[in-house]
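Q: Quick one: this structure, given as structure tokens, is what I'll be asking you about.
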Amino acid sequence: MSDELASGLKCRLCGKLYPKEALNFCTDDFGPLEVVYDYDAVAASLSREVIRSRPRTMWRYRELLPIDGEPTVGLHVGCTPLVRADRLAKALGVEELYVKNDAVNHPSLSFKDRVVAVALSKAVELGFRTVGCASTGNLAGSVAANAAAAGLDAYILIPDGLEQGKVLGATIYGARVIAVEGNYDHVNRLCSQIAFKFGWGFVNVNLRPFYAEGSKSMGFEIAEDLGWRAPDNVVAPMAGGSLIGKLYKAFKEFEQLGIIDGPVSTKMFGAQATGCNPISNTVKTDALKVKPVRNPNTIAKSLAIGDPADGYFASQLIRETGGWSEDVDDEAIVAGMRLLAETEGIWAETAGGVTVAVAQKLLAQGRLSRDGSTVLCITGNGLKTQEALIERIAKPIVIKPKLEDFEALVEIGAPELVASAV
Ligand SMILES: *Cc1c(COP(=O)(O)O)cnc(C)c1O
Ligand SMILES: [Zn+2]
């Protein structure tokens, strides 16, 4: 592939241009940098036919991902199921509902494999041998797994107190996992210092402009699997606020390239936990600036970023597209996880509960329409957040290995056999 497709980096505030290097902020105003593409060149080589002819991985859209050569990391990532969710639709009272299920993304069971595939492929291109990340959990596992497969050394920094499944799910790959006393914002600040001091490639620090582009692949896949159209509504969980913007950017790029028909009029809805709601609070109070949450406190730990890097842009996008944002408490999060599991057979992590419960809340408010097509983005796997459920879900009834014991249970209609509610 030619290296002219992604031509450089550009400041999102002042527009200053930078070469493609490991830098995430503008040296003039500290604005975030974003990858710039030559869309005429992309249009000359990318079409529906070309996409369809390629293997079902996120790399089928590679002209719109900022890698110059062939990708080298995360070759099997993406193309997760877009599930038509009729039973959940009925429960929520909506017409046409889909679940984009990144709970089963390869290899680490979250949407983070998309961003890591791009960031580490770029890290290899730029010559890094040591990589790392600041993580709320899923990024840890994804960087550790993909770095192991690529033979890169990895330093994974996490806030202490993360779920065991997330910690084990990074350590198993042989990465150096370091828990930092404090919350994600403390971890992130430390990682910025480490990345620049040691000259390592931190996927969501100095490689962030490339990393963030990986999220677009989720949007490309949604549009393709809907039969080459953008949905009317998307509900996406927000941590740093990057994913929601990149989903929308994906639809707009497909429109610009004539891959889908315009005009794209998707309304973007953002979901957060009430215990860490800096972006939804910004939207709901019609504020211009994002007020950081100093002490996040929620079971949705993967979304617990108190000072979101892309919070400003996410809140602007939500407003501009006619969407909205809401947040839900821990009890509603668990209820959302259960509803998704019981209606669609999909066990999402706590962030998935946030998405479902926020969708429900927005429907009740009339902010989210019951008509048209709606996609719920499920971004992580329930196996990794078992702590959130363990005290809230009924334990199995124990019986002797005797048919009479079982029959007695069925006869009395033991509630645990009928419904799992505690
Ligand atoms: C990282 C993450 C998100 C959202 O990330 P952004 O920082 O907003 O791009 C959503 N869900 C899960 C499970 C995540 O791990
Ligand atoms: Zn700038």
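Q: Just name the residue that is nearest to P209 (Cα to Cα) out of those in segment 1-28 that are open to solvent by 60 Å² or more (accessible area, probe 1.4 Å), without any contact (Cβ under 8 Å) to a residue 60 or more places away in the chain and part of a loop (DSSP other than H, G, I, E, B).
A: Here the residue is P19.
Q: Surrounded by fewer than 24 Cβ atoms within 10 Å (Cβ to Cβ), farther than 27 Å from P81 by Cβ and at pLDDT 90 or above - does that describe any residue in segment 410-421?
A: No: segment 410-421 contains no residue that is surrounded by fewer than 24 Cβ atoms within 10 Å (Cβ to Cβ), farther than 27 Å from P81 by Cβ and at pLDDT 90 or above.
Q: Would you mind stating whether T57 is closer than 26 Å to G151 by Cβ, modelled with pLDDT of 95 or more and away from ligand 1 (no atom under 16 Å from the Cβ)?
A: yes
Q: Quick one: in segment 101-154, of everything that is within 13 Å of the chain's Cα centre (by Cα) and of a type in the set (A, V, I, L, M), which residue is farthest from ligand 2 (Cβ to nearest atom)?
A: V104
Q: When you scan segment 156-163, do you find a residue that is at pLDDT below 95 and either within 17 Å of the chain's Cα centre (by Cα) or on the phi > 0 side of the Ramachandran plot (or both), even just one?
A: yes
Q: Mind checking which residues of segment 265-277 are open to solvent by 20 Å² or more (accessible area, probe 1.4 Å) and either at pLDDT below 95 or under 30 Å from A44 (Cα atoms) (or both)?
A: Correct list: S265, K267.
The rows are residues; the columns are (1) buried (at least 21 other Cβ atoms within 10 Å of the Cβ); (2) within 10 Å of ligand 1 (Cβ to nearest atom); (3) outside the structural domain of G241 (by TED's automatic domain parsing); (4) not in a loop (DSSP other than H, G, I, E, B).
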site	(1), (2), (3), (4)
I279	yes, yes, no, yes
V283	yes, no, no, yes
A287	no, no, no, no
V293	yes, no, no, no
T298	yes, no, no, no
D307	no, no, no, no
F313	no, no, no, yes
Q316	no, no, no, yes
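Q: Of the residues D232, D261, D225, which single one is acidic (D, E) and under 19 Å from the mean Cα position of the chain (by Cα)?
A: D225
Q: Pairs needed: first member in segment 360-383, open to solvent by less than 10 Å² (accessible area, probe 1.4 Å); second member anywhere, in a strand (DSSP E or B) and acidic (D, E); C-beta distance under 9 Å; at least 6 residues apart or different chains.
A: If the second residue must be in a strand (DSSP E or B) and acidic (D, E), the pairs left are L362/E326; S373/E96; T374/E96.
Q: Just the residues that are open to solvent by 40 Å² or more (accessible area, probe 1.4 Å), in contact with a helix residue (DSSP H, G or I) (Cβ under 9 Å, 6 or more places away or on another chain) and not basic (K, R), please, taken from segment 184-231.
A: Listed by number, the list holds a single entry, W200.
Q: Same structure again: Restricting attention to segment 38-58, does a residue exist that is within 16 Å of ligand 2 (Cβ to nearest atom) and surrounded by 12 or more Cβ atoms within 10 Å (Cβ to Cβ)?
A: no
Q: When you look at A341, is it in the same structural domain as T266 (by TED's automatic domain parsing), free of Cβ contacts under 8 Å to residues at least 60 places away in the same chain, touching a Gly at 6+ places or on another chain (Cβ under 8 Å) and over 30 Å from I172 (Cβ atoms), yes or no?
A: No, not satisfied.
Q: Only one of these conditions is not met by G78: (1) of a type in the set (G, A, S); (2) under 15 Å from the mean Cα position of the chain (by Cα); (3) over 27 Å from L368 (Cβ atoms). Which number is it?
A: (3)
Q: Another question, if that's okay. Take the residues of segment 295-310 that are among the small types (G, A, S) and touching a Lys or Arg at 6+ places or on another chain (Cβ under 9 Å): which is farthest from N24 (Cα to Cα)?
A: This residue is S302.
Q: Take the residues in segment 146-183 that are under 30 Å from P19 (Cβ atoms) and within 16 Å of ligand 1 (Cβ to nearest atom); name whichever of them is surrounded by the fewest Cβ atoms within 10 Å (Cβ to Cβ).
A: Here the answer is L157.
Q: Criterion first (in the same structural domain as Q386 (by TED's automatic domain parsing) and in contact (Cβ under 8 Å) with a residue 24 or more places away in the chain) does D225 satisfy it?
A: Yes.
Q: A further question on this structure: Does segment 242-252 contain at least one residue that is modelled with pLDDT of 95 or more, of a type in the set (A, V, I, L, M, F, W, C) and not in a helix (DSSP H, G or I)?
A: No, there is no match, as no residue in segment 242-252 is modelled with pLDDT of 95 or more, of a type in the set (A, V, I, L, M, F, W, C) and not in a helix (DSSP H, G or I).
Q: Also, I was wondering about something else. Which ones in segment 109-137 are modelled with pLDDT of 95 or more and open to solvent by 10 Å² or more (accessible area, probe 1.4 Å)?
A: Of everything in segment 109-137, those that are modelled with pLDDT of 95 or more and open to solvent by 10 Å² or more (accessible area, probe 1.4 Å) turn out to be L109, F111, K112, V124, E125, L126, G127, F128, R129, T130.
Q: Another question, then. Which condition does Y98 not pass, out of (1) more than 16 Å from ligand 2 (Cβ to nearest atom); (2) farther than 15 Å from G219 by Cβ; (3) open to solvent by 10 Å² or more (accessible area, probe 1.4 Å), if it passes all the others?
A: (2)
Q: Follow-up. So, in segment 72-101, how many residues would count as being in contact with a helix residue (DSSP H, G or I) (Cβ under 7 Å, 6 or more places away or on another chain) and in a helix (DSSP H, G or I)?
A: Of the residues in segment 72-101, 4 are in contact with a helix residue (DSSP H, G or I) (Cβ under 7 Å, 6 or more places away or on another chain) and in a helix (DSSP H, G or I).
Q: Taking segment 243-264 on its own, how many of its residues are open to solvent by 20 Å² or more (accessible area, probe 1.4 Å) and either within 10 Å of ligand 1 (Cβ to nearest atom) or not assigned by TED's automatic domain parsing to the domain that holds I318 (or both)?
A: Count: 1.
The values are calculated or read from the model by the stated rules, or taken from the named source; none is laboratory data. What you are looking at is a predicted structure, and each value in this text was computed from that prediction instead of being measured. Cβ: placed from backbone, ideal geometry, glycine included. Neighbour counts: every protein chain shown. Areas reflect the complete protein model, heavy atoms only, side chains present, ligands, DNA and RNA absent. Shrake-Rupley method; radii C 1.70, N 1.55, O 1.52, S 1.80 Å.
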